[in-house]
Amino acid sequence: MSSTAAEQPKSPVAARPGAAEPWRDPAADPFLRIEGVTKRFEGYVALDAVTLPIYRGELFALLGASGSGKSTLLRCLAGFIEPDAGRIVLDGQDLAGVPPYERPINMMFQSYALFPHMTVAQNIGFGLRQEGASKSVIADRVAEMLALVRMEGFGGRKPAALSGGQKARVALARALAKRPKLLLLDEPLSALDKNLREATQFELVNIQERTGTTFVIVTHDQEEAMTMATRLAVMDRGTLAQVGTPGEVYEFPNSRFTAEFLGTANILEGVVEAADDQATRIGSSELDFDILAEPGALKPVGSRAYVAIRPERMRIERTDAATPLGDNRLVGRVRDIAYFGDFFMYYVVLDNGKEIRVSQPNLRRMTARPVDWEDRVAVTWDAEASMVLPE
C-alpha cells in the first residue's frame, strides 16, 4: 500500500457547498507537510515513510484500527515523540527539535483533561495564564470562547457539574483559546453516547468553519470521519492505504482493504472476460455467473479482478427454487436478519456457501417483513454498483 498522497483527479462526488478544495490545485502550498515520517518502536514500524500534505482550513481525519499508526502520527505532530526519519513542516516552519510547548499547536485530548478544581472559565484561560497574558486579555478571550461553544453563563461552574457534551465543548474552547495554527483532536467524542456524539460532530464542524483553524482528528469511528472530514486518510500498518474526500474513498476505494474497512462491502472475485464502451464483464468461477460493471475498469482482459458491492446498492426479493443465476443476479437463502430501525440487513447464504449482505431501507411502518428467515431469494444490482477494485 502506498504511503504517499498522489494528486487526485476531479471526482464526480459532490463536495460540501462552497467548500474549497486546494488539494486539487497543483500550485497550492500545503499548510502542513508530513514528509517521509518514519517511527519504530523496538523494531516495530509504527509509521513507514508517511508523506501527507494537509491544507490550511481543512478538517482532516486520520482513520484506522488500533495499531494502524494514527495516534503515533498525531503524537509526532504534537512533538510528544520525535520521528526517526522524515520531517514535519507547519506554515513554513520545520518542527524538528521544537518542543511541544513551543509549537503553534494545541491538542484536545480524548479524556478532555479538564482541571476539576478550576471553573470552566479558569480551565479555558489556563494556557493564556501560563503564557503571562494580562487579565483583561484572558477575560476577553474566555468570553469569546464561551460564546463560540455556546456556553455563556457556564463560566463559573466546575467540570463535575457539566454533562459529557458540555465537557467536550469546554475542552475544545480551551484548546482554541491560544489560537493555535493547528488543532489536534485525539478521539474527542469517543466518551459520548451515540445521539450526543452525532450532535457534537456537527457542532465541531461548525466551530472549525467559523474559526478557520486547521483540524487534524484521529478516530476509529468511520461515521465520525465521514461526517466531519473534508478529507480523510485510511491508515493500515503505518502506511496510508488511501487519501481522499469521504465520498471518494467510499465510492471509489483503491483496494479490497479500503472497501472493507470503510463501510460494508461484499467482495466477489473473477476474471475480466470483456471490456468495451458499454460495460466490463467479469466471469466468476466462484459463483458460476458473470458480473457486469461500468466501462473503464482499467483492468485488462484476462486479469484477475475483485469487485466490491455495497449492501445498500443491492435489491432482494423472494423467488422460487427454479430461478436461475444471471448477470448481477444471485440466488440463495436468508440465514439471518438484523433490524436497525431505519433499515434491515439480510445475511444471505448462496448455494455454494458464500454469504453476502444486503440492506434495505425501512420505508414503511410495519412489523411484517417483505423477506423473512429461510426465504429463497434473488439478489440483484445494477452495473454501476459493481466497484472493480484497482488492487
Subset of segment 184-205 [within 18 Å of Arg150 (Cα to Cα) and among the hydroxyl-bearing types (Ser, Thr, Tyr)] = Thr200
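Here's the yes/no breakdown for (1) assigned to a loop (DSSP other than H, G, I, E, B); (2) more than 24 Å from Thr219 (Cα to Cα); (3) of a type in the set (A, V, I, L, M, F, W, C); (4) modelled with pLDDT of 95 or more:
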residue	(1), (2), (3), (4)
Ser3	yes, no, no, no
Thr38	no, no, no, yes
Val89	no, no, yes, yes
Gly97	yes, yes, no, no
Gln110	yes, no, no, no
Sort out which residues of segment 205-241 are farther than 21 Å from Pro22 by Cβ and of a type in the set (A, V, I, L, M, F, W, C), and write them in order of number.
-> Val218, Met235, Ala241
State whether the residues of segment 116-126 include one that is in the same structural domain as Ala241 (by TED's automatic domain parsing) and touching a residue at least 24 places away in the same chain (Cβ under 8 Å).
-> no
If you go through segment 154-170 one residue at a time, how many are open to solvent by 40 Å² or more (accessible area, probe 1.4 Å) and within 21 Å of Asn206 (Cα to Cα)?
-> 4
Failed item in (1) open to solvent by 10 Å² or more (accessible area, probe 1.4 Å); (2) in a helix (DSSP H, G or I); (3) under 21 Å from Phe261 (Cβ atoms), with Phe202 passing the rest = (3)
All conditions in (1) open to solvent by 20 Å² or more (accessible area, probe 1.4 Å); (2) among the small types (Gly, Ala, Ser); (3) in contact (Cβ under 8 Å) with a residue 60 or more places away in the chain are true of Ala233 except (1)
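Can you tell me how many residues in segment 92-106 are open to solvent by 10 Å² or more (accessible area, probe 1.4 Å) and touching a strand residue (DSSP E or B) at 6+ places or on another chain (Cβ under 8 Å)?
Of the residues in segment 92-106, the ones open to solvent by 10 Å² or more (accessible area, probe 1.4 Å) are 92-94, 96-106.
From what is left, the residues that are touching a strand residue (DSSP E or B) at 6+ places or on another chain (Cβ under 8 Å) are 94, 96, 103-106.
Of the residues in segment 92-106, 6 are open to solvent by 10 Å² or more (accessible area, probe 1.4 Å) and touching a strand residue (DSSP E or B) at 6+ places or on another chain (Cβ under 8 Å).
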Only one of Arg333, Arg376 is in contact (Cβ under 8 Å) with a residue 12 or more places away in the chain, over 30 Å from Asp221 (Cα atoms) and open to solvent by less than 60 Å² (accessible area, probe 1.4 Å); which?
-> Arg376
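The values are calculated or read from the model by the stated rules, or taken from the named source; none is laboratory data. Predicted model only: the values in this text are computed from it and were never measured. Every residue, glycine as well, gets a Cβ built from its backbone with ideal geometry; the counts of neighbours run over all protein chains shown. When the accessible area is computed, the model is the full protein with side chains, heavy atoms only, and any ligands, DNA or RNA have been set aside. Shrake-Rupley method; radii C 1.70, N 1.55, O 1.52, S 1.80 Å.
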